Amino acid sequence: MTHAQIVEELLAFLALDDADEAAFGTMALRLFAYQFEHNAAYRRVAMQRGRTPRTVRSWQAIPAVPIAAFKELTLSCRPPEEAERVFMTSGTTRAGVRGACYHPTMAVWERSMTRTFRHRFMGGDARLPMAILFPDAAAMPNSSLAHYLAVAVREFGAADSRHLVDGSGLDVDGLVTMLETAAAAGRPLALLGASFSFVHAMDALAERGCRVALPEGSRILDTGGFKGQSRTMEADAFYDRLSATFGVPRRRCINMYGMTELSSQFYDDGNESCPSVKSGPHWVRTRVIDPLSGAEMPVGTPGVLVHHDLAHFNNVSAILTEDAGVAVAGGFLLLGRADGAEAKGCSMAVAEFLAAAQG
Amino acid sequence: MREVAGYLPGLDPDSVAWRTLAFGRGGTDLEVAVPELTPAQVAALAERVRAHARSVLKTMPVAEVVTAVDAAVARLLDRDDPWRRRAERLLPLVTGYDAEMVRHGLTSYLKTFRKPELLRFLAEDFANPGVLDDFQPVPKGGFARAFGPDLLLHVWAGNVPGLPLWSLVCGLLVKAGGVGKVPSAEPLFAGWFARLLAEVEPRLAGCLAVVWWKGGDAEREAEWLRRADTVLAYGSTASLEALRARVPVTTRFLPYGHKISFALVSHAALDPHTVRATARGVAHDVARWDQQGCYSPHVVYVERGGGVDPRGFARHLAHELACQAIRFPRRALDPGDAGGVAAWRHAEEMQGVADPARELLADPAGAWAVAYADRPQPLAPCGLNRTVTVVAVDRLDDALPCVAPFRPLLQTAAVAAPPRELFRIAGLLGAAGVTRVCAPGAMAAPEAGWHHDGRFNLSDLVAMAEIDRGAELAADALAPYRD
């Protein structure tokens, strides 16, 4: 199977209305065979686990690669230097070491993004004015989120959409202007950005005593959590405050959950109550497993999330995350990070050791 | 099941507000009530302990204190004693540690506090322990006597069963009134010991108290901190830093931070006759308390040139950890702990794929894991809970640069080497900041009188009061029998 063939097959698969278990499984196994053949590092991981296209009979058995792998290995079916885009991970877990995801074409990534975004965020609207609380893609060429937001503006943004964050920080005046313009014109506005940028924005607006009631149909998309870039807020407090600051009801505050190591995103249907149920499109399936034994956890029992994202075709489709979650009807709940332990006794855990060794 | 933690002599339990901490494993639930004292209750308790320490403890010869502690410890060593049975039943529920491990670990640890061992503690720090009872002649001339604080505040941390006993007993040996704050992770043992001690030696009943406040409750903590003469605290770097900032400058502060330990295996310990015993010892050290102790090893530096090469040693170690997992199963991990182990394992596994010099040997069910590195690696914590890295070195000396950058964090090094090599390497390790060298298999069982983290258990607690030689001479001039 060639690169062109798999891209063509995937674009057709993404265009389907839905995919049942069997259809998803068939496509996933074809893609595993493709990745096993063309991605040498992934082949080594799979063989070390005794999983090959000959032994793997169900999509659930496709070996998932931990996200740590992207820091150690070059996981790409096509030569990395041919990549149209390279997205880098943030490198927060091991100082300085960043992982890379190579995209020889953005066609599948962008089809995945636009199709799901239209369905899960835009509702019936073709275009909306967008206020983007994140730097643009020119400023962050290796950021998958910057690219995501660029595609959102390009495909779904009205002409007066704007990026409001750059190297000097948040353009509070610009934000206030956009909010006031939207309120005066009675035209819905979409606010999109990193969760921590919303915290900064809300703090800046509160300082000015600025609160608006955006017109009906306005909506908010936040993503990525706080990552030490702003103070941490409990989800309920965060959405209460978003709602109070911008006059957007919590059911229209959508949280997107995405990763550099994927080519698709998950959404909830608003955050009237938290944690909200997340789900993805028909070309993504998520399992909840015990991170040590790999055993699948029963519905309702917490574990770690494994995503099988068929759109992530050039790298590895099966990704073992460090995100804790629980399977529920209609999707999964995200429960936070599951990447660090604290010593229960007087021994040292990694984070404390790093802090002490640097301090 | 419900259990009351703490020991509050003189306070009416009905006047105290109790908070419930929930524990439980394997379908058995345990609720532990911990006291939340008001500032007035703190004041009353502190005053009572201080007064009793002055009027009772400080007038008892140290030999009688030793006898009392020995009697209490004898009760805890007796497997038919109700206190011991309670500890064996409840500590596994509270900490999650395997019941057999708790039983073995408790016995091994409690043996450190029998009379002969207590005398060793005294002999380690005082050439003449009589200084704790009365003025004794000192070599420079004159006399000296050692006074413990009236109120010694212990801030304990972590869930290793029995850990508080070390400082609690040291405080008693220097006749300090003691108030200990138990950690939420294991709030029971210290209170039991205080009650048992009061049972075997009623005179000591008012000299100790065991309390609790929620970690980070600065207000309650401050009530105690300003009343203590000396504060001895265990905990993470961050919690000790926060505590130190709140201790009055005139109060002595003795911090015991989290530490990291490791092992060194000489090629001489790797012939076919000795390799199994060496690996078994290291596996025991890794498995004990699921690697939660400051003395638990994270990395084993193994020298090339033996009958078994370092990679082969890693396999022996993996086998022995598998045996430990059967004999003393690891406790059930909460999602955070499991995530920590998984993150470490996955990173090691991927490094193994990327680099033929690395390898991961891991239990498929996740009970243990051994990572192998074929060239020197800096010391680094593993994922805890029975995860360990074996690092090959050409010579044991090559391990020194790997550990030296972490001097303030180092504690125990297990060394498997012939006598001459043991002393040579111990010299290098000591210079690098290691404060304890032991045999593999003994890391989790420090000997009585060990200088914890290189410090003096008892003499750090006391203040010496001295009578100048000149004062003696001057007194002679005033004696009624002077010529």
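Nothing in this text is a laboratory measurement; each read-out follows from the coordinates by a stated rule. Since the model is a prediction, treat every value here as computed from it, not as a measurement. Because the Cβ atoms are built from the backbone with ideal geometry, glycine has one as well, and the counts that use them run over all protein chains shown.
Across segment B:375-471, the volume of the C-alpha convex hull divided among the residues equals 165 Å³ per residue.
Mean per-residue shielding of peptide A:283-293 is 4, counting Cβ atoms of other chains within 10 Å of each Cβ. Residue by residue along B:331-337, Cβ atoms of other protein chains within 10 Å of the local Cβ number 5 on average. Among the cysteines of chain A, those with no neighbouring cysteine Cβ under 4.7 Å are A:77, A:101, A:210, A:253, A:274. Applying D = kT/(6 pi eta Rh) to segment B:329-388, where Rh is the Kirkwood radius over alpha-carbon pairs, T corresponds to 37 °C and eta to 0.692 mPa s, the Stokes-Einstein value obtained is 276 µm²/s. Each of residue B:451 and residue A:208 was given a label point 7 Å from its Cα along the Cα-to-Cβ line. The distance between the two points is 6.4 nm. Rg and Dmax of chain A, both derived from C-alpha coordinates alone, stand at 20.8, 64 Å.
Taking each DSSP H run with n ≥ 4 as -39500 (n - 2.57) and averaging over every residue of chain B yields -12000 deg cm²/dmol at 222 nm.
Annotation for residue A:48 and residue B:483: the two label points, set 7 Å from Cα along the Cα-Cβ direction, are 9.1 nm apart. Both radii were evaluated on the Cα set of segment B:161-268; the Rg over Rh quotient, with Rh as the Kirkwood radius, amounts to 1.04. Compute the angle between helix B:39-55 and the longest alpha-carbon principal axis of chain B, please, reported from 0 to 90 degrees and rounded to the nearest 10. Approximately 70 degrees, to the nearest ten. Taking the average, over residues, of other Cβ atoms within 10 Å as the packing measure, peptides A:136-147, A:25-36 rank A:25-36, A:136-147 from highest down. The value given for segment A:197-260 is a Kirkwood hydrodynamic radius of 12.4 Å, derived from the mean inverse Cα-Cα separation. Candidates A:35, A:100, A:244 compared by Cα position along the dipole of chain A: farthest toward the positive end lies A:35, with charges placed on Cβ.
Rg then Dmax, both in Å and based on the Cα atoms of segment B:430-483: 22.1, 67. Straightening the chain between residue B:311 and residue B:108 buys 69.9 nm, computed as 0.36 nm per residue apart minus the Cα-Cα spacing. Taking every alpha-carbon pair under 8 Å whose residues sit at least 6 apart, chain B reaches a relative contact order of 17 percent. A crude spin-label estimate for the pair residue B:29 and residue B:242, with each label 7 Å from Cα along the Cβ direction, gives 2.9 nm.
With coordinates expressed along the principal axes, the C-alpha atoms belonging to segment B:137-193 extend over 49, 18, 16 Å, beginning with the largest. Computed over the protein assembly as shown, the percent of Cα pairs more than 51 Å apart is 29.
When the listed pairs B:58/B:115; A:227/B:181; B:111/B:175; A:278/B:214; A:278/B:259; B:111/B:140 are checked against a 30 Å cut-off, the alpha-carbon distance exceeds it for A:227/B:181; A:278/B:214; A:278/B:259; B:111/B:140. Once C-alpha pairs closer than 8 Å and six or more residues apart are averaged by separation and normalised to the residue number of segment B:260-438, the relative contact order reads 28 percent.
Ordering of B:28-39, B:433-444 by packing is B:433-444, B:28-39, highest average first (other Cβ atoms within 10 Å, averaged per residue).
Largest first, the extents of the alpha carbon coordinates of segment B:2-105 on the three principal axes equal 46, 36, 17 Å. Per-residue packing, averaged as other Cβ atoms within 10 Å, sorts the ranges B:125-135, B:65-75 into the order B:65-75, B:125-135, beginning with the highest. Other protein chain C-beta atoms within 10 Å of residue C-beta, averaged over B:348-359: 5.
Over chain A, Cα pairs under 8 Å with separation of 6+ residues give a relative contact order of 14 percent. Rg/Rh for chain B (Cα atoms only, Rh after Kirkwood) is 1.01. Quick note on segment B:229-270: its Rg to Rh ratio, both from C-alpha atoms and Rh being the Kirkwood radius, is 1.35. For segment A:240-304, take the convex hull of the Cα atoms, compute a quarter of its surface area, and give me that in nm², please. The directionally averaged projection comes out at 5.9 nm². For chain B, B:170, B:207, B:323, B:382, B:402, B:438 have no disulfide-compatible partner, since no other Cys C-beta lies under 4.7 Å from theirs. The fraction of all Cα pairs in segment B:260-438 landing in successive 5 Å bins from 0 to the largest distance is 1, 9, 19, 22, 22, 16, 8, 2, 0, 0, given as whole percents. Which angle between 0 and 90 degrees, to the nearest 10, do you get for helix B:310-327 versus the longest principal axis of chain B when only C-alpha atoms count? For helix B:310-327, the angle is close to 60 degrees. Could you give the angle, 0 to 90 degrees to the nearest 10, between helix B:419-432's Cα long axis and the longest principal axis of the Cα atoms of chain B? The angle comes out at about 70 degrees. Rounded to whole Å, the principal axis extents of the Cα atoms in segment A:108-280 read 43, 34, 33, largest first.
Rounded to 0.05, the FRET efficiency of the residue A:155 and residue B:222 pair, given R0 = 60 Å and the Cβ-Cβ distance, is 0.55. Dividing the summed helix terms, -39500 (n - 2.57) for each DSSP H run of n ≥ 4, by the number of residues in chain A produces a 222 nm estimate of -10000 deg cm²/dmol to the nearest 500.
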